[in-house]
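Remarks on the structure that follows.
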């Protein structure tokens, strides 16, 4: 079995920094870097990756916290704490964060009137790697203990509260392993042309059944008619993933990782040729001189 280990927090003045916080920050940074490099390889506008990152992270944290409080800890809503819903770090739901981030990304591309699905290949490619570090944060925090088991990947938990010492499923650890496997799969296929939306559809269809099954192993989550809130979200995401796979594959808009400028379905290039950018700057300067 896997030994139970923790990384001690770091004290900086009056502040205490935990390994969980550091790993979440690393997840965001690494995800943006990997998505940026992937966008470059696909011939997409890399500047959009850094712009859209904020629209993914902020709504992701907000909805992650709201889903956690409202559905997992509803009793906290009755407490005399007016700032509860504003303390985004005080309780987070990974699937809530996933939905919030997806909503932010969709809004960003609709606002810019840009095609989402070609860019989703780069964004999800980076997000999958970021998921490794996000779930590594859960692994060192051991905040998703499961049922007792003799499974060889189980973690040897110490006695805590009402739980006796012994090996238990650690759902954060399992998802970290899943993210490593998924990132490896995408990396192996990194040189293959893929249809726009491929990574999103595959990520959803590969994650949903794993998460749905794993939630039966949890011990402390709130349940509604026998299922956790995450399992109900999974039931909703499954047909979405199937629809994405079928519709995006049928459309057949292919992205080739050859560093050449990608051309969208309407014939618009993802990047303006350098000579066009230069002429635009010169024309703009001439207009200012003549005004």
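Derivation of every value follows stated rules applied to the coordinates shown; laboratory data play no part. Small disclaimer: the values here were computed from a predicted structure and weren't measured. Here the Cβ is made from the backbone with ideal geometry for all residues, glycine too, and neighbour counts use every protein chain on show.
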(Q) Taking 8 Å as the Cα distance limit and 6 or more residues as the minimum spacing, I'd like the relative contact order of the chain as a percentage. (A) 22
(Q) From the convex hull of the Cα coordinates of region 2-260, what is the mean projected area in square nanometres? (A) 16.0
Q) Taking neighbour Cβ counts within 10 Å as the exposure measure, how do 173, 83, 89 sort from fewest upward? A) 83, 89, 173
Q | Potential extension, residue 210-residue 11 segment - 0.36 nm per residue separation minus Cα distance | A | 68.0 nm
Q: Going by C-beta contacts inside 10 Å, put 182, 1 in order with the fewest on the left.
A: 1, 182
Q.
Under the rule a/c < 1.5 gives rounded, and otherwise a/b versus b/c splits prolate from oblate, where does region 1-127 land using the Cα gyration tensor?
A. oblate
Q: Work out, step by step, the length gained on full extension between residue 177 and residue 28: first 0.36 nm times the residue separation, then minus their alpha carbon distance; give nm to one decimal.
A: 51.8 nm
Q.
Only Cα pairs within less than 10 Å get springs; with that Gaussian network setup on the chain, which residue of 60, 252, 43 has the largest fluctuation?
A. 252
Q: Sort 247, 93 so that the residue with the fewest other Cβ atoms within 10 Å of its own Cβ comes first and the one with the most comes last.
A: 247, 93
Q. Tell me, what is the FRET efficiency for residue 40 and residue 162 to the nearest 0.05, using R0 = 41 angstrom and their Cβ-Cβ distance as r?
A. 0.20
Q: Could you please tell me the mean projected area of the C-alpha convex hull for region 50-204, averaged over all directions and given in square nanometres to one decimal?
A: 11.5
Q. Extension gain residue 189-residue 103, at 0.36 nm per residue separation less the Cα-Cα distance, in nm?
A. 28.3 nm
